[in-house]
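What follows is a short report on a single structure.
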Amino acid sequence: MQTQTLVQERRISVRTNLLGVAAKISKDGWKWEDIETCDVSDGGLGFIAETEYPVGEKLLLEGEASDFARGMDISCDIRVVFAGEKDGKYLYGVRFLNMSKAQRTGLSIFIELLVTKYPSLLLQ
């Protein structure tokens, strides 16, 4: 009897100071707020906003990541997992909730290519 081992490929989650992300968030899909992203990975992102959101809040995210040569759209629900303050504005960490596997893999590859091209973007 042969034994099979299931090996799953797992990409390394790289966090980067991806400044080329234009993004906005909304609670209801009608009123949108532009945000300033401060780090991005394939699992979530950090951003600065003018509005206060509690930890646990579920929001909608629309954005586009670009390095001037290529770009990709990001559209998914997010959940606030960290809230703080920076320079009089609100600082948040959020997790992507319903991002498709294809979109998550695409974002991961996009980030890896960008960090390879511009290593100074990598967050330690």
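The values are calculated or read from the model by the stated rules, or taken from the named source; none is laboratory data. Nothing here was measured: the structure is a model prediction, and the numbers come from that model. Cβ coordinates were reconstructed from backbone atoms using ideal geometry, including for glycine residues, and neighbour counts include every protein chain displayed.
Here are Tyr118, Tyr53: which of them is over 15 Å from the mean Cα position of the chain (by Cα) and at pLDDT 75 or above?
Numbers: Tyr118 fails: at pLDDT 75 or above.
Matching residue, one of Tyr118, Tyr53: Tyr53.
May I ask you to list pairs of residues, at least six apart or on different chains, whose Cβ atoms are under 8 Å apart, with the first in the range 66-78 being within 16 Å of Asp39 (Cα to Cα) and surrounded by fewer than 13 Cβ atoms within 10 Å (Cβ to Cβ) and the second being of a type in the set (Asp, Glu) and at pLDDT 65 or above?
none
How do the pairs read when you match residues in the range 90-103 that are in contact (Cβ under 8 Å) with a residue 40 or more places away in the chain with residues anywhere that are surrounded by fewer than 20 Cβ atoms within 10 Å (Cβ to Cβ) and of a type in the set (D, E, K, R), using Cβ under 8 Å and keeping only pairs 6 or more apart or on different chains?
Tyr90/Glu50; Tyr90/Glu52; Leu91/Glu85; Val94/Arg79; Arg95/Arg79; Phe96/Asp77; Phe96/Arg104
Just give me the residues in the range 31-46 being of a type in the set (Ser, Thr, Tyr) and in a loop (DSSP other than H, G, I, E, B), in sequence order. Can you show your working first?
Initial filter on the range 31-46 (of a type in the set (Ser, Thr, Tyr)): 37, 41.
Passing the criteria: only Ser41.
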